[in-house]
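Following: one structure in structure tokens, then a few remarks.
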Amino acid sequence: MPSRCVISIAVVLAASAAVADTVTLSSGDDGKGRIEISGTVVDYTGIEVTIGTVGGSERSYPAGRVVAIDTRWPDGYQQGSEELAAGKYSQASKLLTAAVRADQRAWVRRLAMEKLMDCYAAVGDPGSAGRLLVELAKSDPTTPAMRRAPLAWHSGTQVAPAVVAEWQASNQPAARLLASSYSLSGSDRAAALETLASLAHGGDEQVARLAEMQQWRTQVVTASSSDVERWEKRLAELPDSLQAGGWLVVGDTHRQLRQADSAALAYLRASMLAEKRPQLAAAAMLRAAKTLEADGKQDEAQQLVAELMRDYPKTAAASEAKNMLQSPE
């Protein structure tokens, strides 16, 4: 029969093995301090991270305070994250797909799916990206991935009609938002506007604000300077992570009103805020370059085109921008 000492050691070792995660949180009034919480991450959503302790209790902290999580990541997750950051989207998507399949923890799967969604969006596949977003929102309605929803902010973004129909048949707010975004320029425009109006007054704050900005797209041709001013004030009230698409619409409206400088500034702001969404960032930068070129500012336009080609070489906008490059003398 084992001694009490051996049993105690076994209990300690088992408890230590269970404490697999370390969550680093910001602390202090300025948020610059750091504290580490050890335990097991039970869940991590757009609102909070919940950590279980050895004793069996759980404690939750605001998601906004999470700086880093050290855990046993599934094979492919960390390398896939690095490939994504390096712009190697094909390699990243393969690794992250494997990571999603390899782990049973819902919160880990969601993190991998978020990154995989970004991969699809970056290569110009908003249909696949949108499908992942819908699944993420089902698992966590507060998912931060909603801030990067692959919506149709510009005409260069297209989704297969079958995928749009799939979203239209869903009762999920994320799916309805996506379907409406891609239906605004088609025969289902009236129904899309009705859905956007409903979502803009719904309970999901992220979806509501995106739906509100999507409605602006239909008003570009008729909007006045006062409308644009109101939209700009509205954008200033929102988190930076939600603003990018709205600034692109504001830029379109300024350009429609023949306010070239204001349009270019709005486009550049959209591009800056969408830095981690290459297709959107590049589209906004290209519109800024075209606006400057039409306003006779050739040097500034050429500089922007060069930056676009350097920073977002694999985007649809980069392909179009090649035609704007000056031929060498």
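The values are calculated or read from the model by the stated rules, or taken from the named source; none is laboratory data. A quick note: this is a predicted structure, and the numbers were derived from the prediction, not measured. As a convention, Cβ positions derive from the backbone with ideal geometry for all residues, glycine included, and neighbour counts pool all protein chains shown. Surface areas here come from the heavy atoms of the whole protein model, side chains and all, with no ligands, DNA or RNA. Shrake-Rupley method; radii C 1.70, N 1.55, O 1.52, S 1.80 Å.
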- Task: Please specify each residue of the stretch 166-197 satisfying the condition of being surrounded by fewer than 17 Cβ atoms within 10 Å (Cβ to Cβ) and small (Gly, Ala, Ser).
- Result: Ala169, Ser170, Ser185, Gly186, Ser187, Ala190, Ala191, Ala197
- Can you name the helices (runs of 4 or more DSSP H) wholly within the stretch 29-144 that have at least 3 residues being in contact with a strand residue (DSSP E or B) (Cβ under 7 Å, 6 or more places away or on another chain), open to solvent by less than 30 Å² (accessible area, probe 1.4 Å) and touching a residue at least 24 places away in the same chain (Cβ under 8 Å)? none
- Only residues that are surrounded by 18 or more Cβ atoms within 10 Å (Cβ to Cβ) and polar (S, T, N, Q): list them for the stretch 153-165, please. Thr157
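Residues are listed down the side, and each one gets a yes or a no for (1) touching a Ser or Thr at 6+ places or on another chain (Cβ under 9 Å); (2) among the polar types (S, T, N, Q); (3) open to solvent by less than 60 Å² (accessible area, probe 1.4 Å):
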| residue | (1), (2), (3) |
| --- | --- |
| Leu199 | yes, no, yes |
| Gly203 | no, no, no |
| Gln206 | yes, yes, yes |
| Met213 | no, no, yes |
| Trp216 | yes, no, yes |
| Gln219 | yes, yes, no |
| Ser226 | no, yes, no |
- Task: List the helices (runs of 4 or more DSSP H) that sit entirely inside the stretch 196-258 and contain at least 3 residues that are free of Cβ contacts under 8 Å to residues at least 12 places away in the same chain and in contact with a Phe, Trp or Tyr (Cβ under 7 Å, 6 or more places away or on another chain).
- Result: none
- Message: Quick test of your reading of the structure: Arg310 fulfils all but one of (1) farther than 19 Å from Met324 by Cα; (2) open to solvent by 60 Å² or more (accessible area, probe 1.4 Å); (3) in a helix (DSSP H, G or I). Name the failing condition by number.
- Response: (1)
- Task: Could you please give the count of residues in the stretch 242-282 that are open to solvent by less than 10 Å² (accessible area, probe 1.4 Å) and aliphatic (A, V, I, L, M)?
- Result: 11
- Message: Cβ contacts < 6 Å: first residue more than 9 Å from Ala264 (Cβ to Cβ) and open to solvent by less than 10 Å² (accessible area, probe 1.4 Å), restricted to the stretch 287-302; second residue assigned to a loop (DSSP other than H, G, I, E, B) and of a type in the set (A, V, I, L, M, F, W, C), any location; separation 6+ or different chain. Result?
- Response: none
- Message: Looking at the structure I just gave you, is Glu166 acidic (Asp, Glu), closer than 15 Å to Gly130 by Cβ and not in a loop (DSSP other than H, G, I, E, B)?
- Response: yes
- Note on the structure: Note: among Arg287, Arg234, Arg217, Arg209, just one is of a type in the set (Lys, Arg), closer than 27 Å to Asp188 by Cβ and either touching a Gly at 6+ places or on another chain (Cβ under 7 Å) or at pLDDT below 95 (or both), namely Arg287
